[in-house]
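What follows is one structure encoded as structure tokens, with my remarks underneath.
The values are calculated or read from the model by the stated rules, or taken from the named source; none is laboratory data. Keep in mind the model is a prediction, meaning the values are calculated, not measured. Because the Cβ atoms are built from the backbone with ideal geometry, glycine has one as well, and the counts that use them run over all protein chains shown. What goes into the accessible areas is simple: the full protein's heavy atoms, side chains included, and nothing from ligands, DNA or RNA. Shrake-Rupley method; radii C 1.70, N 1.55, O 1.52, S 1.80 Å.
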Amino acid sequence: MEAVQQYIQANRQRFLDELLDFLRIPSISADTKYKDDVLRAATWLSDELKRVGMDGVEIIPTKGHPIIYGEKKVSEALPTILIYGHYDVQPPDPLNLWSSPPFEPVIKDDKIYARGACDDKGQLYMHVKAIEAMLSAGQLACNVKVMFEGEEEVGSVNLGHFLESHKERLGADVILVSDTSIIANDVPSITTGLRGLSYVEVEVTGPNKDLHSGVFGGAVANPANVLCSMIASLHDADRHITIPGFYDDVEIVSDEERKQMNMAPFNEADYKKELNVNALMGEKGYTTLERTSIRPTMEVNGIWGGYIGEGAKTVLPSKAFAKISMRLVPNQDPDKITEMFRNHFTSIAPPSVTVKVTPHHGGHPAVTPTDTIEYQAASKAMLKSFGKAPLPQRSGGSIPIVALFESILGIKTVLLGFGLDTDDIHSPNEHYGLFNFYKGIETIPYYFMYYAEMKKS
Ligand code: BES
Ligand code: MN
Ligand code: MN
């Protein structure tokens, strides 16, 4: 293990330079204009896997963006770790809020600023470099397979089918994912839960054309006004969601576990300051840590309609729209929730408008156990690299494929992420700490070592 860590030390600068090259490729999966760039990122990454010595490296086409696969088998007797990550990134908009261009990475205050720096190119690349170090030192302690996708940010729509049709090839003892956060650089943690997702778009239609808001306003329903009051009615005064049956399947977390999760360090004043808000708002009866992990939520992600250009135009719009997401917790079913939303939202529409609800992608929530060798090895690896045992913590984010790893492949996942919730992923000025990048590269080989040891005994 000495040799592995020495190799990492000796190659620090090159690892970083390579990541910056990777970050220069705008692999935006949501925007078809960038299809060739997504493919370029896939090619770059697969070339890199070949260069570090992986076998069977392949760019596998899908109906959308390709999946990259590679493997290195050391011995039948050793356990196999399957690494998953995503090389696609979120669109960088709004561009004017970036301090430096999103695809021209810069290092400032020991952080890498670029779209994808943390989510997930920077975290994915830690694995590539850890594998390189283990191979170069001749100390790969487990067999390893890698699977990197280019469609995570658009719902991993083709990955489920890929899992179904490549069960054999993807066979492994554990899946290791770095696409989540730790609590703080001096408070390591391992993510033990992800929320699910139901995402819908709604369209409210009033009159058959935009109208003069003076001539017709007051007599004809304004779809923008109606949409706002419909959305407002989806929460009550205690910030509970009002859709009948919405909470029916919600897992009840024990008092003991709630007590445990609230012991994690959290400073409300710092949290508010960081976000520049004077007060927080959320479901009554739950703390901020609970509201962002074990409770379901509903958020408007975007809302539009009518005149949004410069100056004022007096118009009563014909249509108004919103994109609405619901974060789900164990045992809520995304399809069931989407149907509930559709029924409820249609039923509360006044007769003066018509409503259309279109479902987008969704995903199941996931929880990972802590009483397994797979988790314990991760805990031990972090204790070794951070000098502090990590806390288990449920996250508010979603990685829908994790539930499918379990249901299709029958393999449990360990969420060994190194980002921070303050890294501005999906926001302008996304960044990733150099500390976090290198700490990840350092920790992963320990995971391989401890996991092999613990599996043996
Ligand atoms: N890496 C994130 C998820 C995440 C972020 C988990 C922070 C834990 C902490 C992932 O890339 C992501 O953004 N997922 C989407 C869902 C997807 C279906 C678009 C999300 O959570 O909104
Ligand atoms: Mn991600
Ligand atoms: Mn993301």
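For Pro400, indicate whether it is away from ligand 3 (no atom under 16 Å from the Cβ) and either touching a Gly at 6+ places or on another chain (Cβ under 7 Å) or in contact (Cβ under 8 Å) with a residue 12 or more places away in the chain (or both). So Pro400 fails the test. Within the option set Met147, Met126, being more than 25 Å from Gly363 (Cα to Cα), under 21 Å from the mean Cα position of the chain (by Cα) and within 16 Å of ligand 1 (Cβ to nearest atom) holds for one residue only, Met126.
Of all the residues in the stretch 86-113, those that are within 14 Å of ligand 3 (Cβ to nearest atom) and surrounded by 24 or more Cβ atoms within 10 Å (Cβ to Cβ) number 4.
One residue alone among Ile182, Ile131, Ile175 is touching a Lys or Arg at 6+ places or on another chain (Cβ under 8 Å) and within 16 Å of ligand 2 (Cβ to nearest atom), and that residue is Ile175. Among the residues of the stretch 119-158, those identified as basic (Lys, Arg) and buried (at least 24 other Cβ atoms within 10 Å of the Cβ) are Lys121, Lys129.
Kindly list, by first and then second residue, each pair from a residue in the stretch 115-130 that is farther than 12 Å from Asp21 by Cα and in a helix (DSSP H, G or I) to a residue that is within 14 Å of ligand 1 (Cβ to nearest atom) and open to solvent by 10 Å² or more (accessible area, probe 1.4 Å), limited to pairs with Cβ atoms under 7 Å and residues at least 6 apart or on different chains. Listed pairs, sorted by first residue: Gln123/Asp179. Selection of the stretch 432-457 for residues being closer than 19 Å to Ser100 by Cβ and open to solvent by 20 Å² or more (accessible area, probe 1.4 Å) yields only Leu434.
Among the residues making up the stretch 271-321, those that are in a strand (DSSP E or B), out of contact with any Ser or Thr (no Cβ under 8 Å at 6 or more places or on another chain) and under 25 Å from Asp249 (Cβ atoms) are Thr297, Val300. Taken over the stretch 165-200, the residue count meeting the criterion of being open to solvent by less than 20 Å² (accessible area, probe 1.4 Å), part of a strand (DSSP E or B) and within 16 Å of ligand 1 (Cβ to nearest atom) is 14.
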